[in-house]
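Below is one structure, written out as structure tokens, with a few remarks after it.
The values are calculated or read from the model by the stated rules, or taken from the named source; none is laboratory data. Just so we're clear, the structure is a prediction, and the values are computed from it rather than from any experiment. Note that we place each Cβ from the backbone using ideal geometry, even for glycine, and neighbour counts take in every protein chain shown.
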Amino acid sequence: MFKIIILLLCMSLALPGSSQSASFDCQYYSDDWGSPLGTVYYCSVKNSVAITSLDAAQVDSVTGKHQAGYNNDHVEVFQVYNKGQIHYFPRRLNKIFKNLKGISIRYTGLKEIHQSDLKHFPNLKYLYLSYNNLEILEKDLFEFNPNLEDIYLSSNKISHIDPNVFDKLSKLTNVSLNSNTCISMAAYNSSTAVQNIIKTAKNKCTTSDYSNLEQKVKNLEAESSKLSSEHLKEKLEKLENEVENSKFSNFFRDKLQDLKADQVKKAQEEAKTTTKIEPTTTT
């Protein structure tokens with residue numbers, strides 16, 4: 001009986017969905033990274049990290065001994081090179097390293113990158129995510145990173161690049177999209193070559209499956225205010241099923257959650273209206 005209890009306890013601890021978080025152990029260096037960063041103080045992760053679910057993407061600690069006179073606020077680059085499986089971008093990294101100008105995550109199997117992952121790094125100049133499993137560059141991905149100069153995304157599986165992804169990056173100098181599904185091009189220190197890559201990506205890297213789902217989400221957002229809560233619920237459930245059965249579910253997660261919140265609020269308002277007490281009449 002005792003052995004059975006121990007076995008059940010071990011199984012319960014191994015169940016998916018349990019609380020998880022990520023911890024990084026840094027080796028700190030000060031080196032010249034060349035243009036556009038120059039000499040920077042940076043963290044190079046030395047431990048093997050597993051972020052194979054969104055639940056595990058929360059960073060709860062960063063360890064490592066700083067060089068004399070330095071602390072987390074001096075760190076300008078965060079680098080992970082072939083350390084574990086980081087399938088999802090580490091969250092709350094900005095709470096620890098508040099002044100990042102460069103992020104390099106390579107050979108970790110990174111599957112997704114979202115605007116919400118990058119929006120906390122307005123001073124980002126350098127992004128190196130090559131040799132991973134990225135498939136989608138979503139709309140407005142770099143909206144909050146206007147200072148980006150170097151973007152390296154070679155050797156991924158990119159099949160869809162939203163037409164507006166690079167539009168607001170006026171400082172963009174180097175772009176590498178070599179060895180991807182829809183494009184294999186790179187441009188270095190040439191604004192003309194960079195613009196040629198952007199034009200080619202717009203022509204070759206629009207996936208109809210993703211674009212169709214994106215349009216359906218936009219359509220429901222536009223008509224949601226005109227629908228009853230019940231009708232909106234029906235349409236939302238149908239769209240949620242369609243999104244969940246695609247490989248793009250995470251890219252529409254936030255918008256679907258917003259629509260669900262709107263539907264719940266609308267249902268509550270309708271319930272208040274129908275439950276108002278009618279005035280008493282006498283005969």
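Summary table below
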read-out: Candidate set from region 230-267 (those that are modelled with pLDDT under 90 and of a type in the set (S, T, N, Q)); member that is surrounded by the fewest Cβ atoms within 10 Å (Cβ to Cβ); value: ASN245
read-out: Unmet criterion (only one of (1) in the same structural domain as ASP140 (by TED's automatic domain parsing); (2) closer than 17 Å to GLU138 by Cα; (3) hydrophobic (A, V, I, L, M, F, W, C)) for MET185; value: (2)
read-out: Residues being assigned to a strand (DSSP E or B) and closer than 23 Å to SER159 by Cα - total across region 76-99; value: 2
read-out: Cβ pairs under 6 Å, 6+ apart, first in region 47-63 and assigned by TED's automatic domain parsing to the domain that holds GLY84 and closer than 28 Å to SER249 by Cα, second among the aromatic types (Phe, Trp, Tyr) and in a loop (DSSP other than H, G, I, E, B); value: ILE51/TYR88; LEU54/TYR88; ALA57/TYR88
read-out: Among the candidates LEU37, LEU8, residue that is in a loop (DSSP other than H, G, I, E, B) and either at pLDDT 95 or above or farther than 30 Å from THR173 by Cβ (or both); value: LEU37
read-out: Hey, LEU110 surrounded by 20 or more Cβ atoms within 10 Å (Cβ to Cβ), within 15 Å of the chain's Cα centre (by Cα) and not β-branched (Val, Ile, Thr) or not; value: yes
read-out: Residue selected from region 137-186 under the condition out of contact with any helix residue (DSSP H, G or I) (no Cβ under 6 Å at 6 or more places or on another chain) and β-branched (Val, Ile, Thr), by the criterion nearest to LYS199 (Cα to Cα); value: VAL165
read-out: Lone qualifier among LEU134, LEU110, LEU127 - being touching a residue at least 24 places away in the same chain (Cβ under 8 Å), assigned by TED's automatic domain parsing to the domain that holds ALA56, within 20 Å of HIS74 (Cα to Cα) and touching a Leu at 6+ places or on another chain (Cβ under 7 Å); value: LEU127
read-out: Scope region 196-223; condition among the basic types (Lys, Arg) and under 24 Å from ALA186 (Cα atoms); matching residues; value: LYS199, LYS202, LYS204
read-out: Helices (runs of 4 or more DSSP H) wholly inside region 188-254 containing at least 2 residues that are touching a residue at least 60 places away in the same chain (Cβ under 8 Å) and closer than 21 Å to GLN115 by Cβ; value: 208-223
read-out: Flag for LYS95 being over 22 Å from LEU213 (Cα atoms), under 17 Å from the mean Cα position of the chain (by Cα) and of a type in the set (D, E, K, R); value: yes
read-out: Yes/no for LEU118 being surrounded by 15 or more Cβ atoms within 10 Å (Cβ to Cβ) and either without any contact (Cβ under 8 Å) to a residue 12 or more places away in the chain or within 18 Å of ASP254 (Cα to Cα) (or both); value: yes
read-out: Lone unmet requirement of (1) surrounded by fewer than 18 Cβ atoms within 10 Å (Cβ to Cβ); (2) of a type in the set (D, E, K, R); (3) in contact with a helix residue (DSSP H, G or I) (Cβ under 7 Å, 6 or more places away or on another chain) for ARG92; value: (3)
read-out: Set LYS272, LYS265, LYS260: member being part of a helix (DSSP H, G or I), touching a helix residue (DSSP H, G or I) at 6+ places or on another chain (Cβ under 7 Å) and of a type in the set (Lys, Arg); value: LYS260
read-out: Every residue from region 100-130 that is of a type in the set (Gly, Ala, Ser) and either at pLDDT below 95 or in a helix (DSSP H, G or I) (or both); value: SER116
